[in-house]
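*Asks:* Sharing a structure here in structure tokens format.
The values are calculated or read from the model by the stated rules, or taken from the named source; none is laboratory data. Just so it is clear, the model here is predicted, and its values are computed rather than measured. Heads up, the Cβs are rebuilt from the backbone with ideal geometry, glycines too, and the neighbour counts pull from every protein chain shown.
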Amino acid sequence: MADQYAQTREDNRLAGTPVIRWEEPPEGPVVILLDQTRLPAEEIERVCTDAPALVDAIRSLAVRGAPLLGIAGAYGVALAAARGFDVDEAAAALTAARPTAVNLAVGVRRAQSAHRAALAETGDTGRAASAALAAARGLHEEDAAASARMAGHGLALLDELLPGGGHRVLTHCNSGSLVSGGEGTAFAVALAAHRAGRLRRLWVDETRPLLQGARLTAYEAARNDMAYTLLTDNAAGSLFAAGEVDAVLVGADRIAADGSVANKVGSYPLAVLARYHHVPFVVVAPVTTIDPDTPDGASIEVEQRPGYEVTEFVAPQVPVAGAGGGVPVAPLGTQAYNPAFDITPPELVTAIVTEEGAVSPVTAKALADLCAKPRRAPVG
């Protein structure tokens, strides 16, 4: 079933428009998403009444970002259960929607397992649906708490690596409150530095071809009154050469057991630049992004996006003409290479910051020890 409606929010404050929420109107439960494809021009909400609608929202990037995808996946399972659809079928479709982001599968499994356990124990489909929803809400709360802890650990690491403050940080893609139950991952660290008076400049890669940096990170930076500057992706090298970057902060969609990091395409070149210029390259992600079942970077499935994202320019409120809904910028029939992610090997990563602390140097043993730590109870 397609989304039933989209509602324009009159109050265009980020804090006033939740990124994701569960509601139960008279016609039945729904998952409501802030449609990130419409930002920054307008804040529009998409209402998903079933798992296929949520799968479409995930694939179209209306909802995106590894931690938030986990939350969305869990709510999707709860939605299928509450509306009486096949839960296992919904779980399979949700998991396959974006294969690289491991958090999506983690969130789906968590709600699915809670549903199965309750159904086996009670035989009551209503109680099983409630268990799935409780699991999704629990994951949502835990991610918000993890975000706050990551920000604290990340700021402490920055201060250790760069004594004296005045940090000039380069970030790629979007890793703020739009990808999280809280204030994000890498962006949350930069925001903590800003609030502490220790952020001199946030350099924002535009992040082609879908411009998540230009549309989303700049949007969040502006709303938090941060000192930020937007740059084209291919201008980053000149910034490093000029000595204008003190650290690179990025998120992650999957971290393999050996410490290889899958993140938005363009992250690997930044890691190479950072290593050459002796600049720390720091990955910030929750422990759920570490996948011990993926041994190394070569084992990570990298999502290939449609070619029209490269051959056409798509932006909110721009007249459309191309097959993908955008303005053609390449000759008709042009083939495009469009991986959504690239892989940064562990030897190029200065540190991985999680809610349980930072790992540096990044090794398989250090990550395994981190994952073996008992998880903290959610705050709230």
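*Asks:* Going residue by residue through the range 298-307, is there one that turns out to be under 14 Å from the mean Cα position of the chain (by Cα) and assigned to a strand (DSSP E or B)?
*Replies:* No; the residues of the range 298-307 include none that is under 14 Å from the mean Cα position of the chain (by Cα) and assigned to a strand (DSSP E or B).
*Asks:* Would you call residue 235 small (Gly, Ala, Ser) and either in contact (Cβ under 8 Å) with a residue 12 or more places away in the chain or touching a His at 6+ places or on another chain (Cβ under 7 Å) (or both)?
*Replies:* The answer is no for residue 235.
*Asks:* Hey, another quick one. Do we have any residue at all in the range 200-217 that's at pLDDT 95 or above, in a helix (DSSP H, G or I), of a type in the set (A, V, I, L, M) and under 25 Å from residue 340 (Cα atoms)?
*Replies:* Yes, the range 200-217 has at least one match.
*Asks:* While we're on this one: Every residue in the range 1-25 that is modelled with pLDDT of 95 or more and in a loop (DSSP other than H, G, I, E, B), please.
*Replies:* 19, 24, 25
*Asks:* Does residue 252 satisfy the condition of being part of a helix (DSSP H, G or I), touching a residue at least 12 places away in the same chain (Cβ under 8 Å) and out of contact with any Lys or Arg (no Cβ under 9 Å at 6 or more places or on another chain)?
*Replies:* no
*Asks:* For the condition within 22 Å of residue 23 (Cβ to Cβ) and in a helix (DSSP H, G or I), what is the one hit in 62, 92, 117, 57?
*Replies:* 57
*Asks:* Given (1) touching a Gly at 6+ places or on another chain (Cβ under 8 Å); (2) within 21 Å of residue 205 (Cβ to Cβ); (3) of a type outside the set (Gly, Ala, Ser), identify the lone condition not met by residue 167.
*Replies:* (1)
*Asks:* Counting only residues that are in contact (Cβ under 8 Å) with a residue 40 or more places away in the chain and surrounded by fewer than 20 Cβ atoms within 10 Å (Cβ to Cβ), which one in the range 118-143 is farthest from residue 199 (Cα to Cα)?
*Replies:* Per the stated criteria, the residue is 125.
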